[in-house]
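Remarks on the structure that follows.
The values are calculated or read from the model by the stated rules, or taken from the named source; none is laboratory data. Source: prediction; values computed, not measured. Heads up, the Cβs are rebuilt from the backbone with ideal geometry, glycines too, and the neighbour counts pull from every protein chain shown. Protein only, heavy atoms only, side chains kept; ligands, DNA and RNA dropped before computing areas. Shrake-Rupley method; radii C 1.70, N 1.55, O 1.52, S 1.80 Å.
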Amino acid sequence: MNKELFGVFGGSETFERFRSRDEFDEVLSGPSLTVAIRDPGLDYPGWSATYADETGCCVIWGEAYVPGDEQNAARWLLDQYDTHGLDALDTLNGSYLAVLDIDGETPFVATDLVRSRECFYTDDPGPLVFGTDAAEVGQTIPDPSLDRNGILEFLHMGLALGEKTWIDELSRLPIDSRLTPHGVDSLSRFVYRPADPDAFDYVDELASRLERALRRRSSNPGPKGLLLSAGYDSRIVLSQVDDIDHCYTVGSPDAQEVQGAKRVANQYGATHTAFQPDERYLLADESKVQYSQGIKESLHIHHAGYTDELTDEVETMYHGLLCDTFFRGHFTAQDGVDVLGTWVPFQRLDPDPDPVAVFLDKYGYSREQSIELTERTGIDNDPEQFVEEAIAAEFAANRSRAECIQNALTCCGIANQPSVPFHNHLADQFFAPFLATDRELLEWHLRTPPRLRTTETFLQACKQLDDDILRHRPPDRPHDGMLLNEVEGFVRRKTPLLTSFEPPWPDRRTLFEKHGFNDRLLGEYENIHPIAPRHKLRVADLQTWLDSWDAVASDTIPWLQSPPRIMS
């Protein structure tokens, strides 16, 4: 990867057992740990920073903003920690990891509130190693073994839950936590605390916080681009950041999604490029799979195959990832009714949702496809029972952060967000501001009741910033009300002479067959060629990622052809 943080709890000699100092831009040693960073944006205001003095050292990796005029977030945190202790992390704003080591204090690595940047660490009798690249941290494990549960969760749902990876001895920090030499501590920054509705105007607060968050992210180097859909989330960025010149959408030029995005780009005076969904869209090669970190699907990195064309034109790339999760209630459970096999939601939340059923729907689980996968690979497990138990355990692990079940659903969804590889790739290639992780916006999320974290609230706030934001509506949402959109979509699907709303993403099955991916990705494993493309891509991800590890490559793929030794 272009950017990386890597460290050990120990001195420079311990560090050099695993990595060369020459691989990094800077290596800092404090009283109890040594940490290295490689980042072309190092010390650019708002981005990665380092600082050391006679008391210790601090490294910020990623995107971070601090109050006042201080330009170096690491220096700010080192100074604030001396006065406020761990409370200093409450004010650090952005998408980051923070490493701090001060004489007389417990050294630590801390996530941001929502773990938008992963930190992997070893669970091994040797030195405690941590870092942002799962493969590099994993290479330090002398005798790695595969984690059956992590692999099965990935194959059935497209992600490994909680702290798991595909390696037993390799874990990752959970949401809102820190790693110390003694273990993992849970922090209390991401906890739902509903506001007094008489003192907190949800629309006004969201509008003003969006405006400030976008202003914080408006000064970045070089030409600026935006990954633009025809939906709601990315267009507010285009509306408020003046010098975005280029917009990009993956899809055929005549697709509804692409045409809608092009109209939005033209509205704000930006050029628009549509990337044809050819073999590059699905190709799960090593350069793409590495950003999945061995825990989530590379499928979410829709733009990865077009990186060379993107980097030729822009240096900063904006996106609207997770705005639907934090502002529009993606993981809240709607009440509704089944109409002829189609779920039609009501304008209210489910008063008694089943958490397992909600996540089976939200994550990439298909009962029929998982059963076929297990039958064709010889995996000895009941997929439905396994997935239900895994989800129930993970929901329980996050339950204490929320007072009501709808917030608990959202918290668990955020803690296990499937699409983060999308940002992992962008952040390694560009300056990639992550709007949804702004501290003020996350506070709005935590204080606003689930019934008001809706598309309607979000659009009201956006209209305060730009009353022309909906000049061009998303092609599948022509009406203000969610119910009306669902009804029209249902009527279009059931009426032969009407054109249905097109899905926003290209058809995977068509692309899989057109470009011969059965042979190219899974040529020698004909037993799984008939299964669904998404599950085949997961198998390809698994094989590609593990094959990059010499220590585990011999233990990977045989279980696809016979009852698996590693899964027993």
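Can you sort Tyr306, Tyr81 by 1.4 Å-probe accessible area, starting with the largest?
Numbers: Tyr306 0, Tyr81 20 Å².
So the residues, ranked largest to smallest area, are Tyr81, Tyr306.
What's the Kirkwood radius of region 206-245 in Å, using all Cα pairs? Don't skip to the end; give the middle numbers.
Numbers: mean 1/r = 0.0928 Å⁻¹.
For region 206-245, inverting the mean 1/r across all distinct Cα pairs yields 10.8 Å.
What FRET efficiency comes out for Asp507 versus Asp468 if R0 is 45 angstrom and r is the Cβ-Cβ distance? Round to the nearest 0.05.
0.85
Using a simple spin-label model with points 7 Å from Cα along the Cα→Cβ vector, what separation in nm is obtained for Met1 and Arg447?
Placing both labels 7 Å beyond Cα along the Cβ direction yields 3.3 nm.
If you stretched the chain out fully between Asp547 and Asp308, how much longer would it get, using 0.36 nm times the residue separation minus the C-alpha to C-alpha distance?
Values: separation 239, 0.36 × 239 = 86.04 nm, distance 2.48 nm.
Going from the current span to full extension adds 83.6 nm.
Can you tell me the relative contact order of region 193-308? Whole percent, Cα pairs under 8 Å, sequence separation 6 or more.
Values: 124 pairs, mean separation 21.3, N = 116.
After rounding, I find 18 percent.
What does the convex hull of the Cα atoms of region 105-253 come to per residue, in Å³, rounded to a whole number?
Per residue, the Cα convex hull of region 105-253 comes to 219 Å³.
Give me the net charge of Cys247's neighbourhood, meaning all other residues with Cβ under 12 Å from the Cβ of Cys247; Lys, Arg count +1, Asp, Glu -1. Before the final figure, lay out the partial values.
Working: positive: Lys224, Arg235, Lys262, Arg263; negative: Asp245, Glu313.
Summing Lys and Arg as +1 and Asp and Glu as -1 gives +2.
Could you please report the charge total around Glu375, scoring K, R as +1 and D, E as -1 over all other residues with beta-carbon less than 15 angstrom from its beta-carbon? Could you put the intermediate results ahead of the total?
On the way: positive: Arg367, Arg376, Lys536; negative: Glu368, Glu372, Asp380, Asp382, Glu384, Glu526.
Neighbourhood net charge equals -3.
Would you mind estimating how fast region 9-160 diffuses translationally, via Stokes-Einstein at 4 °C and 1.567 mPa s with the Kirkwood radius over Cα pairs, in µm²/s?
Values: Rh = 16.5 Å.
After rounding, the answer is 79 µm²/s.
With a 1.4 Å probe and every protein chain left in place, tell me how much accessible area His472 has, in Å² to the nearest 10.
50 Å²
How much net charge surrounds Tyr202 when only other residues with a Cβ under 9 Å from its Cβ are counted (Lys, Arg +1; Asp, Glu -1)?
Details: positive: Arg447, Arg453; negative: Asp201, Asp204, Glu205.
Within the 9 Å Cβ shell, the charges total -1.
Any idea what the relative contact order of region 37-189 is, in percent, if you count C-alpha pairs under 8 Å spaced at least 6 apart?
Details: 290 pairs, mean separation 26.0, N = 153.
Rounded, it is 17 percent for region 37-189.
Send over the semi-axes of region 8-49's equivalent ellipsoid, whole angstrom and largest first, taken as the square roots of 5 times the C-alpha gyration tensor eigenvalues.
Working: eigenvalues 90, 29, 6 Å².
So the three semi-axes of region 8-49 are 21, 12, 6 Å.
Give me the extension gain from Asp285 to Tyr44: residue separation times 0.36 nm, minus the current Cα-Cα distance, reported in nm with one decimal. Please list the in-between numbers first.
Values: separation 241, 0.36 × 241 = 86.76 nm, distance 3.16 nm.
Length gained between Asp285 and Tyr44: 83.6 nm.
Sorted by accessible area (1.4 Å probe), largest first, how do Trp444, Trp61 line up?
Trp61, Trp444
Just the Kirkwood number for region 184-238, please: inverse of mean 1/r across all distinct Cα pairs, in Å, one decimal.
After inverting the mean inverse Cα-Cα distance, the result is 14.7 Å.
To one decimal place, what orientation-averaged projected area in nm² is obtained for the convex hull of the Cα set of region 1-76? Spell out each step's value before the answer.
Values: hull surface 20.5 nm².
Averaged projected area of region 1-76's Cα convex hull equals 5.1 nm².
For the cross-link pairs Lys288/Lys362; Lys262/Lys362; Lys164/Lys224; Lys224/Lys536, which exceed 32 Å when the distance is taken from alpha carbon to alpha carbon?
Working: Lys288/Lys362 24 Å; Lys262/Lys362 29 Å; Lys164/Lys224 36 Å; Lys224/Lys536 35 Å.
Over 32 Å apart, Cα to Cα: Lys164/Lys224; Lys224/Lys536.
May I ask you to derive the relative contact order of the chain, considering only C-alpha pairs under 8 Å and at least 6 residues apart, and to give it as an integer percent? Provide the component values of the computation, followed by the final result.
Numbers: 1030 pairs, mean separation 89.1, N = 568.
Averaging sequence separation for qualifying contacts and normalising by length gives 16 percent for the chain.
Beyond 31 Å, how much of the Cα-Cα pair distribution for the chain remains, as a whole percent?
Working: 78617 of 161028 pairs.
Within the chain, distances greater than 31 Å cover 49 percent of Cα pairs.
How much length is gained if the chain between Asp352 and Glu211 is pulled fully straight, taking 0.36 nm per residue apart and subtracting their Cα-Cα distance, in nm to one decimal? Display every interim value, and only then the final one.
Values: separation 141, 0.36 × 141 = 50.76 nm, distance 3.54 nm.
Gain on stretching Asp352 to Glu211: 47.2 nm.
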